[in-house]
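All of the numbers you see were taken from the coordinates with simple rules; none came from a lab. Quick caveat: nothing in here was measured; it's all calculated off a predicted structure. We place every Cβ from the backbone using ideal geometry, glycine too, and count neighbours over all the protein chains shown.
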Amino acid sequence: MTKKEFLKAVSNGDEDIIQIFLDALSAASVDYCVIGGLAVNAYTEPVVSLDLDIVVAADDIEATCKAVETHFRIERFEHRVNLSSSKSDLRIQLQTDPRYQDFIAGARNQSVLGYEMKVASIEDVLRGKVWACSDEERRKSKRQKDLADILRLIEDYPYLSGQLPVSIRKLIK
């Protein structure tokens, strides 16, 4: 079983939702980068996630939604746009928080669970995870997952620990 087949099986996918999404971004010439748990997987031992967190250029949000509207249900929220399909349990979240826009410039093509995609730099992935872990409005279980992702990154790249705020350093000691 390939990595793609594994992810498709775990997400109960009838279609290759990730590839459909990536192809739509390419066809629409949308610049983007992957953040979140799947981005962590680009740098560390993979862990299954049913979320694909993406940052697209702010000017390309509408073009992205237009490019995928035939395949995905689109729901808009304050700092994200959620894309979902009845053909998969995978959820795609377009992050619209302006703090993430600079991540696109430092992104590089990488393989993530068998998919070639642009992934934010490891430093930016860590920074995003720190923001998410520190967000008191997020569910505690989500923040714990973010903390675990931070640990995964600094265990494999110890030099990153110097970029952690004191509050998170205390949590991981």
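Side notes on the structure shown:
- FRET efficiency for the S167 to E78 pair, using the beta carbon distance and R₀ = 22 Å, is estimated at 0.35.
- Entries in K4/K66; K8/K142; K4/K173; K3/K66; K87/K170; K3/K145 that, when Cα-Cα distance is taken, lie over 31 Å: K4/K173; K87/K170
- If the chain linking S111 and T2 were pulled fully straight, counting 0.36 nm for each residue of separation and taking away their Cα-Cα distance, it would gain 38.0 nm.
- Remark: C-alpha extents of segment 3-172 on the principal axes read 46, 33, 29 Å, sorted largest to smallest.
- Restricted to Cα atoms, segment 32-127 shows a radius of gyration and a Dmax of 12.8, 35 angstrom.
- Table column - 3J(HN,Hα) (Hz), segment 154-171, Karplus curve with 6.51, -1.76, 1.60, x for Gly and Pro: 6, 5, 8, 9, x, 4, 6, 4, x, 8, 7, x, 4, 4, 7, 4, 5, 5
- Cα centroid of segment 1-68 to Cα centroid of segment 130-173, whole Å: 23 Å
- Placing unit charges on the Cβ atoms only, positive for Lys and Arg and negative for Asp and Glu, gives the chain a dipole magnitude near 700 debye about its Cα centre.
- Taking the number of Cβ atoms within 10 Å of each Cβ as an exposure proxy, the fewest-first ranking of S26, S161 is S26, S161.
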